[in-house]
1. Just for region 130-176: of the residues that are exposed (fewer than 15 other Cβ atoms within 10 Å of the Cβ) and aliphatic (A, V, I, L, M), which one is nearest to VAL105 (Cα to Cα)?
2. Select from region 283-321 the residues that are assigned to a helix (DSSP H, G or I) and touching a helix residue (DSSP H, G or I) at 6+ places or on another chain (Cβ under 9 Å) and list them in ascending order.
3. Which number in (1) assigned to a strand (DSSP E or B); (2) over 30 Å from ARG137 (Cα atoms) marks the one condition that THR276 misses?
4. Quick check on this structure: which one of TRP254, TRP241 is touching a Gly at 6+ places or on another chain (Cβ under 8 Å) and buried (at least 20 other Cβ atoms within 10 Å of the Cβ)?
5. Residue under question is ALA80, and the condition is that it be in contact with a Phe, Trp or Tyr (Cβ under 6 Å, 6 or more places away or on another chain), surrounded by 16 or more Cβ atoms within 10 Å (Cβ to Cβ), under 28 Å from GLY252 (Cβ atoms) and small (Gly, Ala, Ser); does it hold?
6. Identify all residues within region 1-26 that are in contact with a helix residue (DSSP H, G or I) (Cβ under 9 Å, 6 or more places away or on another chain) and not in a helix (DSSP H, G or I); write none if there are none.
7. Condition check: surrounded by fewer than 19 Cβ atoms within 10 Å (Cβ to Cβ), more than 27 Å from the chain's Cα centre (by Cα), at pLDDT below 95 and under 15 Å from GLU298 (Cα atoms). Does ALA263 satisfy that?
8. All but one of (1) assigned to a loop (DSSP other than H, G, I, E, B); (2) over 29 Å from HIS280 (Cα atoms) hold for GLU189; which doesn't?
Amino acid sequence: MKAELLRWYRARRRDLPWRRDVSPYRTWVSEIMLQQTTVGVVVPYYERFLSRFPDVATLAAAPEEDVLKHWAGLGYYSRARNLRKAAKKLVAERGGEFPSDFDSVLDLPGVGRYTAGAILSIAFGQAVPLVDGNVARVFSRLFGIRGDLKTAAAQKKLWALAEELVAKDAPGDWNQALMELGATVCAPETPRCGDCPVSKGCFARARGLQDSLPETAKKKDFVDLKWTCLWIEREGSVLLWKRADDERFLKGHWGLPEARHLAAAPGELLGTAKHTITHHRIVVEVRRADAPARLPAEAAWIPRAKLPDRLVSSLWRKALQ
């Protein structure tokens, strides 16, 4: 199985920017961006991000707002903040050099077991396993793993398989081959079994279960939320609000102040925007308001031309439109 899958990957793998000039930094950035995001969306963001922040030192020295600006539209902004925090940690503790041992990589902000495995196998050639959604789906069909793959028992089985199978002589190619197979052939819906290099030994294919494995848990119901936000303008500047780090959504972001933030009466409705964040459907009403007599420390007047630099979340950009 290993030889067939590696041969297929080396002949068919997609030409992706992080697969060129492989380095720990380039691999790390790509893996963080690819969390919760598709390859097609990530590619242009990755290229712009690497152009602006080509190495650990540049990223560590950059203001947080600049990093968030180059992340704008990718969502899950804690990923960008953790990248910057990790870069600063690497500069402070290691002179900007990336560690090559598992525990040190895992100790970086925003890095979990999967990301550590990807960095060490791809960039350092170490035989470290990984399991992401694509690998889990491939293993479920290939080896007949049933039940909800997100349970602790299923995860234990998946990681044990990954550790057993990781190729000692080409761990980076092996791990990427598994992910590539899941992304391009062993897809969530209508898998292309006829194009699969390991279909002959596949449990699901032999039993006609490729469309019913993996077994998925019931999806969570959406929660509907409504925000009333205030558009307060004065002499060409708009009042923005720095959201606290304990906010439920968009922690630490600049945004329009919500009515709950200020002692200002919402007035004329200027428009609405709809946005979805992790099982929450948010309807944002933007209403005109007057500035209160005293502004809290979290509020700041920002020139209209500078709003796109501060309002980096897709939610706020929709509201801005």
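The values are calculated or read from the model by the stated rules, or taken from the named source; none is laboratory data. It should be emphasised that the depicted structure is a prediction, and the values quoted were computed from it without experimental measurement. Quick reminder, even Gly has a Cβ in these numbers, built from the backbone with ideal geometry, and neighbours come from all protein chains shown.
1. Among those that are exposed (fewer than 15 other Cβ atoms within 10 Å of the Cβ) and aliphatic (A, V, I, L, M), it is ALA160.
2. So the first thing to find is which residues in region 283-321 are assigned to a helix (DSSP H, G or I), and the list is 304-310, 314-320.
Once the filter is applied, which keeps residues that are assigned to a helix (DSSP H, G or I) and touching a helix residue (DSSP H, G or I) at 6+ places or on another chain (Cβ under 9 Å), region 283-321 yields LEU307, PRO308, ASP309, ARG310, TRP316, ARG317, LEU320.
3. So the condition that THR276 fails would be (2).
4. On inspection, the qualifying residue turns out to be TRP241.
5. So ALA80 passes the test.
6. MET1, ARG13, ARG14, LEU16, ARG20, VAL22, SER23
7. On the way: surrounded by fewer than 19 Cβ atoms within 10 Å (Cβ to Cβ): yes; more than 27 Å from the chain's Cα centre (by Cα): yes; at pLDDT below 95: yes; under 15 Å from GLU298 (Cα atoms): yes.
Yes: the conditions hold for ALA263.
8. (2)
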